[in-house]
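These notes concern the structure reproduced below.
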Amino acid sequence: MAVNESSISTAATIFDIHFLQDSICAELSPRDLRRCCLVSRDFYQNFTPYLYRSINISRRSVFKKFCTPESLAALGRHCDLVTEFTCVFAKVWKLLLDQRCFNLEVLNSPSLQYRLQNREVNKLQLCHIIALTRSCPRLRVIELSHFWYSDENVDQFCSAIRDHDQLREVKIDHFDYVSCNQTRKMLWSAFKLHRFSLNVMVSHYHQRHIDGLEAERLIALTGTTDPVFALRDLSLLCKIHYYEADTLFRFIRPCPHVERLAIPSMDAARYLPEMASVIASNMPNLQHLNLQQLTAAPGLIVQLISACNNLRSFVGSPGQARVSEVYKALLNHRETLEELNLIGGHRTSSHYIQTLLSSCPKLEVFEAMGLCFKHWKETPKQKMSDPILLAESMLRYAGPWACQNLRVLKLRFAGTEKSDEGGDDSGNHESDEDGDNEEDGVGSPEEVFPRVLYEQISQLSELEVLWLGRVERVLTTLDPIALADYISSGNEIGVADEQSTTLDEYGHRSKATLRLEALRCNVRDGLVELTKLRHLKQLELRNMKPYISWADFRATKSSWRSLDWHYN
């Protein structure tokens, strides 16, 4: 029997291919999803789940629209679709309770960073967050930037964490004074979690060493006499009083699965050797070490680094002196290091910066410069605190960087400089840790953007974020007496104005103009080389604005389709 092809109709649409539909909707913004819902009835039925699946409210105007009766009625109809919710206004959690949005998987309640009143108002809604935690059996993640540290709230929150079967990540980022008993309860209630982050200041008022009875009570919270914590990411961004150190060690010893650890601030000389011993014997899987809260001697930092096997990421302690010992310890993990954060390290470590970049083939993130200039004004002290890569070090230890997969690079550098007489005006600048001086810079052409640097960077084809901060060496000596006289006279160790030259005679004016044009040409060549970075998404150049013309800026930025570029 013949089949009439005209009678066969195919009703299959793109919505029948769920994988393709998920991929399409993942690239659409909430505004695009709302517009798709208005196309037709089929579009409404297929795009509405994606519109309500993840809700993010960060503006008060949006929050007011969300609180209207029409929006709440729509939320009630689609309450089962809401799985992720982020809102900086904690009053919303009471609304979610009223609308019975009990399928939440991610609850994120941040606070406005520069408005303390927002945080103080948000913490009064903690009772609703606790009730929502108990009512959402699928909840996996809780992130709070506010917390009300009362005994009643802490007990209820800890109880909700212990009783929840699916909860795996808890982060509390509200730096405030907390009693030792409250901190102990929160730590020992996290035995089921995979990730726990706590940012508090442990109060030592009426504090005492933990006794046997108190230890038994804490262990009883886990429901077993020999607990083994499931924690894989433990971040204690807090300050531990020496009375509380024994409790901390009792807590971290039964955590054999920890892969990421942020060590709290403590009495370094007394307790860091024991911490290194616990890491070496009880944490064989530790691969990510964060020491940003510590202020310790380099020898103690080296013990912590050496206690780790196959270290993959490291966040250093700011304000370190004699960091050569720390860098040598990091080089022992050169084959496995993927992320390095050296913000606040010593500025005389140019040789080791070059060595790390040339020796770590798996390195993907290298951060040695902090403070985005859009939000902060850098002080001379901050400019001196970060490590600085000298062009002379790159020339002396010439060789390609091994980190060809680098995605993020934040670095301060100092170019080659030359005086008006044709000699090197850098004098006896800061030396590398190995004692070498800067004689290699003599006779080299003056460069604002060193050629040896931008040629290396242009070879990093996977680079997505690039921050470069130029540092000009305005002092010609490191004599401590001369340095003290320079600062006490009201001068700042900062960046000199390249165009503030006294131009009284025609010859001086012409020489300054030619010098500025040569330096601009040097920077223009560097920008042309950077256009080879096709994956670059963010570019920040500090202290280079006098050498970048508006025409060079437009011509260079047009090489990228979408680039967030800032320079000063």
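Laid out as a table, the results:
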| item | result |
| --- | --- |
| Candidate set from region 229-248 (those that are modelled with pLDDT of 90 or more and touching a Phe, Trp or Tyr at 6+ places or on another chain (Cβ under 8 Å)); member that is surrounded by the most Cβ atoms within 10 Å (Cβ to Cβ) | Leu234 |
| Residues that are among the hydrophobic types (A, V, I, L, M, F, W, C) and open to solvent by 30 Å² or more (accessible area, probe 1.4 Å), drawn from region 107-119 | Leu112, Leu116 |
| Qualifying residue in region 269-282 (condition: within 15 Å of Cys308 (Cβ to Cβ) and either among the β-branched types (Val, Ile, Thr) or not in a helix (DSSP H, G or I) (or both)) | yes |
| Subset of region 120-161 (residues that are of a type in the set (Lys, Arg), open to solvent by 60 Å² or more (accessible area, probe 1.4 Å) and out of contact with any helix residue (DSSP H, G or I) (no Cβ under 8 Å at 6 or more places or on another chain)) | Arg138, Arg140 |
| So Gln166, is it open to solvent by 30 Å² or more (accessible area, probe 1.4 Å) and under 17 Å from Phe102 (Cα atoms) | yes |
| Residue match in region 362-369 (condition: under 20 Å from Leu468 (Cα atoms) and at pLDDT below 90) | yes |
| Some residue of region 273-284 being open to solvent by 10 Å² or more (accessible area, probe 1.4 Å), of a type outside the set (S, T, N, Q) and touching a strand residue (DSSP E or B) at 6+ places or on another chain (Cβ under 8 Å) | no |
| Subset of region 172-196 that is open to solvent by 10 Å² or more (accessible area, probe 1.4 Å) and modelled with pLDDT of 95 or more - its residue that is nearest to Thr224 (Cα to Cα) | His194 |
| For Leu337: the one exception among (1) part of a loop (DSSP other than H, G, I, E, B); (2) surrounded by fewer than 24 Cβ atoms within 10 Å (Cβ to Cβ); (3) of a type outside the set (Val, Ile, Thr); (4) modelled with pLDDT of 90 or more | (2) |
| Index of the failed condition, Arg270 passing every other in (1) surrounded by fewer than 18 Cβ atoms within 10 Å (Cβ to Cβ); (2) farther than 27 Å from His174 by Cβ; (3) modelled with pLDDT of 90 or more | (3) |
| Qualifying residue in region 209-221 (condition: open to solvent by 20 Å² or more (accessible area, probe 1.4 Å), modelled with pLDDT of 85 or more, β-branched (Val, Ile, Thr) and not in a loop (DSSP other than H, G, I, E, B)) | yes |
| All positions within region 256-267 that are crowded, with 19+ Cβ neighbours inside 10 Å and assigned to a loop (DSSP other than H, G, I, E, B) | Val258, Ile263, Pro264, Met266 |
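Table: residues versus (1) crowded, with 19+ Cβ neighbours inside 10 Å; (2) closer than 19 Å to Ala190 by Cβ; (3) free of Cβ contacts under 8 Å to residues at least 40 places away in the same chain.
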residue: Pro254; (1), (2), (3): no, yes, yes
residue: Thr295; (1), (2), (3): no, no, yes
residue: Ser317; (1), (2), (3): yes, no, yes
residue: Lys328; (1), (2), (3): no, no, yes
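The values are calculated or read from the model by the stated rules, or taken from the named source; none is laboratory data. All figures in this text were calculated on a predicted structure; none of them were measured in a lab. Every residue, glycine among them, receives a Cβ derived from its backbone with ideal geometry; neighbour counts consider all protein chains shown. These area figures cover heavy atoms from the full protein model, side chains too; ligands, DNA and RNA do not enter into them. Shrake-Rupley method; radii C 1.70, N 1.55, O 1.52, S 1.80 Å.
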